[in-house]
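The values are calculated or read from the model by the stated rules, or taken from the named source; none is laboratory data. All figures in this text were calculated on a predicted structure; none of them were measured in a lab. As a convention, Cβ positions derive from the backbone with ideal geometry for all residues, glycine included, and neighbour counts pool all protein chains shown.
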Amino acid sequence: MATRAQTMLQALQGAFPDNDSIAPSLDLIQMEVAPEQLIEVAKELHDNPALSFRQLSDLCGVDYATYGCDEWATDTESMASYSRAVNTASTGSLTFSDGLELPVLDRPRFVVVYHLLSLDHNMRVRVRCAAGDDAMPVVPSVIPVWNNADWYEREAFDLYGILFDGHPDLRRILTDYGFIGHPFRKDFPLIGNVEMRYDSVKERVVYQPVSIEPRVLVPRVIRDDSRYLVDAAPGDSASDSASESASDPKK
Amino acid sequence: MPEIRNYTLNFGPQHPAAHGVLRLVLEMDGEVVERADPHIGLLHRGTEKLAESKPYNQTIGYMDRLDYVSMMCNEHGYVMAIEKLLGVEVPLRAQYIRVMFDEITRILNHLMWLGAHGLDIGAMTVFLYCFREREDLMDCYEAVSGARLHATYYRPGGVARDLPAQMPQYESSRFTSKSAAARLNERRQGSMLDFIDDFVQRFPGYVDEYETLLTDNRIWKQRTVGIGVVTPERALQLGFTGPMLRGSGIEWDLRKKQPYEVYDQLDFDIPVGTNGDSYDRYLVRIEEMRQSNRIIQQCVEWLRSNQGPVLTEDHKIAPPRRDEMKGDMESLIHHFKLFTEGFCLPEGEAYAAVEHPKGEFGCYLVSDGANKPYRLKVRAAGFPHLAALDEMARGHMLSDVVALIGTQDIVFGEIDR
């Protein structure tokens, strides 16, 4: 496995000498590509016999709007107890009426992630392509290179509103006919906007604003877990929380 | 002279042959399909978005409900993605249990597929036969997890509990007479492994029964041979995986090529088709059931003679035992933190894929260091298959569309997610 990954890493670096983002990531290789070069890179990945990524395993959008944000409002103990965490508007407790104030990002908000598989070399590569404009993210379509990108791109458009330049039929795919909004964006409420019911007077199905209350059962927290720091000094983590202070007795 | 126009036909979503909620808009020229436009999403529940709002362990149950006929394989893909990011070791016994249940799940899935596919294209009996065997396997699910379908059995770092020492038995009731219960209990006298072992002995005979009914059946062959032929090049280009890819003659199985758990220590073969038609895919799946049977047999043998933990001892990820929790402060803290907050994953991304009965089931996990996933993308095996329905159905008759939906082994839980 190690040698195979190394050979592929070298082959990729040889094929794209200008791209310095090619690096191993767990058991596969990751690279970043600008939208302008995507088609060119995709063709090379597909056609170059040393790479031969002939199958597109997966294509998906990611919205980085609230990356690294937690819902835990305070680090110290307080009298407000558990509910303190859920009083603020966060991605989990969002309703349609309150707009979520998204943090200012220093990088593009929408990223399209491609997982490619090379059957000849038994390797996977992850290609990340950040769509430049947050208000109107556009990425070229890779359907000419991998035909099965069709539905995946429709899905990414439907859920994230990412536009794929050159897609022949960019319709919604998973959401309802006439759906408004892009549900997987971080500023789209988890409970949705409308609900559907059968109206016995009108004798048809009607839409109405949602009646359920959003709630967060377990707040989103980010612990500075010392286990995951690469060069953490032992005993460094004692200050954070109860679980942190307990060093693992079984290890 | 009257104008000849194409006819647009709406198929489903409430049609027994649509295997769930597929709405298909077919453009017909007489009885020949000119274009098929599947409308999906009628079962879209936003599983991936829901996962973003829950601690990692609470999403395992949602995975069962993706492909609801191969529950544990879905869980496997998900927990493997978590384990990859955490870098946690899974105990060997848990790995064998997982492999065994993956293969039980594969048989469950293929039996469901065979029954439904047979029913769709006119073979009634095989459906009843398949469900007879599914019953035994679902009893295994129930014995080990308490649920016949949505097991929620796998955990990051192992499985929820060890195999039961005693196979649960039937009691007589309003629905089961005393004699019927006694007959059912005959095979359930020993441990669960005894029961599975007994099943494994019987199962090849059952597969022979299905084959007697179908493999040389004239009607079956007329309905499947030469229907939906996919060349190996197109299969790759269309993103096919699993039996759909192997039916087209490409030998690719993640269990062999990128072995996970203990698959590299087990002895099994990968069946490959030659013509890429529905009949070859049927043969591939039938042979896969026999191979799964072999794998289960090897797992049973190993599990009989090797005891050990089934869940990691790292209590940051897996809860401590109940009696430990009652008496030990440290364990109590771990227990409390795990069940109120869950565990945090290191920042990063992971893609884990398993050989699901339908193909490659992948989980792409993005973590920003929180106790909930930042983004979870499920790569459903059936999604690219159904996307290719248009290409496969062109030029075929309307009734062949039903055979194609059957041969693709479509389940909407995973396609719509």
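Taken together, the criteria exclude B:ARG93 from residues that are surrounded by 23 or more Cβ atoms within 10 Å (Cβ to Cβ), assigned to a helix (DSSP H, G or I), of a type in the set (D, E, K, R) and touching a Pro at 6+ places or on another chain (Cβ under 8 Å). The number of residues in segment B:150-186 that are touching a helix residue (DSSP H, G or I) at 6+ places or on another chain (Cβ under 6 Å) and among the aliphatic types (A, V, I, L, M) comes to 4.
Within segment B:257-303, the set of residues being touching a helix residue (DSSP H, G or I) at 6+ places or on another chain (Cβ under 7 Å) and within 14 Å of chain A (Cβ to nearest Cβ) comprises B:TYR260, B:ILE270, B:VAL272.
Within segment B:308-335, track down each residue that is facing chain A (nearest Cβ under 8 Å) and farther than 30 Å from A:VAL113 by Cβ. Quick ask: steps written out before the conclusion?
At the first step, the residues of segment B:308-335 found to be facing chain A (nearest Cβ under 8 Å) are B:313-316, B:330, B:333-334.
The answer is B:GLU313, B:HIS315, B:GLU330, B:ILE333, B:HIS334.
Considered as a group, the residues in segment A:11-37 that are more than 14 Å from chain B (Cβ to nearest Cβ) and touching a Leu at 6+ places or on another chain (Cβ under 7 Å) include one that is farthest from B:GLU83 (Cα to Cα), and that residue is A:ALA15. Against the condition hydrophobic (A, V, I, L, M, F, W, C), in a loop (DSSP other than H, G, I, E, B) and surrounded by fewer than 24 Cβ atoms within 10 Å (Cβ to Cβ), how does B:LEU50 come out, does it pass? So B:LEU50 fails the test. Would you say B:ASP102 is surrounded by 14 or more Cβ atoms within 10 Å (Cβ to Cβ), part of a helix (DSSP H, G or I) and in contact with a strand residue (DSSP E or B) (Cβ under 8 Å, 6 or more places away or on another chain)? Yes: the conditions hold for B:ASP102.
Within segment B:112-171, the set of residues being among the polar types (S, T, N, Q) and in a helix (DSSP H, G or I) comprises B:THR125, B:SER145. Being buried (at least 18 other Cβ atoms within 10 Å of the Cβ), of a type outside the set (Val, Ile, Thr), at pLDDT below 85 and touching a helix residue (DSSP H, G or I) at 6+ places or on another chain (Cβ under 8 Å) holds for only one residue in A:SER78, A:SER93, and it is A:SER93.
Restricted to segment B:364-380, and to residues that are under 22 Å from B:GLY413 (Cα atoms) and touching a Lys or Arg at 6+ places or on another chain (Cβ under 7 Å), which residue is nearest to the other protein chains (Cβ to nearest Cβ)? Here the residue is B:TYR364.
Cβ-Cβ contacts under 6 Å between residues 6 or more apart (or on different chains), taken from a first residue in segment B:126-152 that is free of Cβ contacts under 8 Å to residues at least 60 places away in the same chain to a second residue that is part of a helix (DSSP H, G or I) and surrounded by fewer than 20 Cβ atoms within 10 Å (Cβ to Cβ), are listed as B:PHE127/B:LEU119; B:ARG148/B:MET138; B:ARG148/B:GLU142. Against the numbered list (1) under 25 Å from A:LEU26 (Cβ atoms); (2) facing another protein chain (nearest Cβ under 10 Å); (3) of a type in the set (Lys, Arg), A:ARG185 comes up short only at (1). Put simply, of B:ALA36, B:ALA51, B:ALA81, B:ALA17 the only residue that is more than 26 Å from B:GLY369 (Cβ to Cβ) and within 14 Å of chain A (Cβ to nearest Cβ) is B:ALA36.
Scan A:PHE164, A:PHE184, A:PHE188 and give me the residue that is buried (at least 20 other Cβ atoms within 10 Å of the Cβ) and not in a loop (DSSP other than H, G, I, E, B). First the steps, then the outcome.
Numbers: A:PHE184 fails: not in a loop (DSSP other than H, G, I, E, B); A:PHE188 fails: not in a loop (DSSP other than H, G, I, E, B).
Every option except A:PHE164 fails the conditions.
Determine whether B:GLY46 is touching a Lys or Arg at 6+ places or on another chain (Cβ under 8 Å) and touching a residue at least 12 places away in the same chain (Cβ under 8 Å). For B:GLY46, the condition - touching a Lys or Arg at 6+ places or on another chain (Cβ under 8 Å) and touching a residue at least 12 places away in the same chain (Cβ under 8 Å) - is met. Once segment B:338-352 is narrowed to residues that are within 7 Å of chain A (Cβ to nearest Cβ) and in contact with an Asp or Glu (Cβ under 9 Å, 6 or more places away or on another chain), the residue that is surrounded by the fewest Cβ atoms within 10 Å (Cβ to Cβ) is B:PRO346.
State all residues of segment B:369-381 that are at pLDDT 90 or above and not in a loop (DSSP other than H, G, I, E, B); if no residue qualifies, say none. B:ARG375, B:LEU376, B:LYS377, B:VAL378, B:ARG379, listed by residue number.
Can you give me the number of residues within segment B:271-285 that are surrounded by fewer than 19 Cβ atoms within 10 Å (Cβ to Cβ) and assigned to a helix (DSSP H, G or I)? Going through segment B:271-285 one residue at a time, the tally reaches 0. Residues of segment A:14-39 that are closer than 27 Å to B:HIS385 by Cα and surrounded by fewer than 16 Cβ atoms within 10 Å (Cβ to Cβ): A:ASP27 alone.
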